[in-house]
Amino acid sequence: ITENQCQLHYQPVFDLKTNLVCSAEALVRWQHPELGLMLPDEFIPIAEQSGLMVDLGDSVIKQSVQMVKKLQNGAMQGKAFYVAINVSAKQFEGHSLANKVVSLLQQHQLPTSSIRLEVTETAIMQDMNMALNELSALRENGIKIALDDFGTGYSSLSYLQTLPIDVLKIDRSFVTDLDTQENKAAIIKTVFGLANLLSLDVVAEGVETEAELKTIESIGTMNIQGYYFSAPLPWEKINAFIDSYLNIEIDAS
Ligand code: C2E
Ligand code: CA
Ligand code: CA
């Protein structure tokens, strides 16, 4: 962390309403000096167990805010854009996440709409009270919260009425092959309808094929991301990607 070996890659997110890029999800990678590029599933659990998750999370938040600032000064000037940041349960533990995030945004003179935080139900369950306090504080400051991997884990419907969230992020497992598996399409349709009734935004992740994209488009107007559009990219590449895609509409038809 101190040697800046943990760098972010960014995966673009598209809004089917406008067919334009509206966001990027920050996904951390560790450029290990001997082992090469390591993916988060390999080292996030270790960071959590060894007490380093708060430092790592702080670095991720800082890099993400700097990224939006650069985009706001460049390609995305005057356009609505946010970076989606994954947070771990450890970051809720009495470390005043909300204060940190809000003051960082103020320092960079960015509106609170410039970032969204993504959290899983599993993370919230680890210490429900602590998580609810932090999430509520974040939302009171205007920062939107997405429930990640929705449909996996606990996914109790009762949480939907109690959790302070703004966005449902439908897990990739429901998107994969949804064009050929009717039960998956049915689940996404239902989740989309439920989210609408609860005034929650929807993001579908893991869109890999044109057929999956078309099926999603037939279900509803949501935000989408996945390898079909782009894998997560390092800063230089996402910057160029956004620059070139800014005025190009995605269209499967
Ligand atoms: P996630 O938040 O569900 O992130 C989506 C994962 O799916 C990413 O894996 C992304 O590269 C991958 N992905 C995106 N589009 C596609 C697709 O079309 N097909 C397939 N097969 N995969 C796709 P990645 O980068 O390896 O991240 C894995 C997990 O690690 C993330 O899952 C997230 O839970 C966690 N993570 C990543 N960065 C951070 C971070 O900064 N902090 C914390 N706490 N967790 C992080
Ligand atoms: Ca995520
Ligand atoms: Ca996810």
Q: Give me the percent of the accessible area of the chain that comes from carbon and sulfur atoms, probe 1.4 Å, all protein chains in place.
A: 48
Q | Ellipticity estimate at 222 nm from DSSP helix runs (n ≥ 4, -39,500 (n - 2.57)) divided over the chain, nearest 500 | A | -13000 deg cm²/dmol
Q | Per residue solvent-accessible surface (Å²) - segment 113-253, probe of 1.4 Å | A | 48
Q.
Tell me the per residue accessible area of segment 1-89 using a 1.4 Å probe; a whole number in Å² is fine.
A. 47
**Q.** GNM result for the chain, Cα springs below 10 Å: residue of Gln126, Gln225, Gln91 fluctuating most strongly
**A.** Gln126
Q) Where does each of Leu8, Leu198, Leu233 land when they are ordered by accessible area, with a 1.4 Å probe and the largest first? A) Leu198, Leu233, Leu8
Q) Across the chain, how large is the tail of the calculated P(r) beyond 22 Å, expressed as a percent of all Cα pairs? A) 55
Q: Indicate, rounded to the nearest 5 percent, the antiparallel portion of the DSSP beta bridges found entirely in the chain.
A: 40
Q: Work out how much length Ile1 to Met130 would gain on full extension: take 0.36 nm times their residue separation and subtract the Cα-Cα distance, in nm to one decimal.
A: 43.9 nm
Q.
Under 8 Å for C-alpha pairs, at least 6 residues apart: give me the relative contact order for the chain, rounded to a whole percent.
A. 22
Q. Of all trypsin sites (Lys or Arg not before Pro) in segment 70-111, which ones are in loop regions per DSSP and have a Cβ with at most 14 other Cβ atoms within 10 Å?
A. Lys79
Q. So what does the Cα-only Debye profile of segment 18-69 read at q = 0.28, 0.30, 0.31 Å⁻¹, as log10 I(q)/I(0), no solvent term?
A. -1.15, -1.20, -1.22
Q) Where the centroid of each part is defined by its Cα atoms, how far is segment 1-39 from segment 59-103 in Å? A) 13
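The values are calculated or read from the model by the stated rules, or taken from the named source; none is laboratory data. Please read all numbers here as calculations on a predicted model, not as lab measurements. A quick note on method: Cβ atoms are made from the backbone with ideal geometry, for glycine too, and the neighbour counts reach across all protein chains shown. Keep in mind that these areas ignore ligands, DNA and RNA; they rest on the heavy atoms of the full protein, side chains included. Shrake-Rupley method; radii C 1.70, N 1.55, O 1.52, S 1.80 Å.
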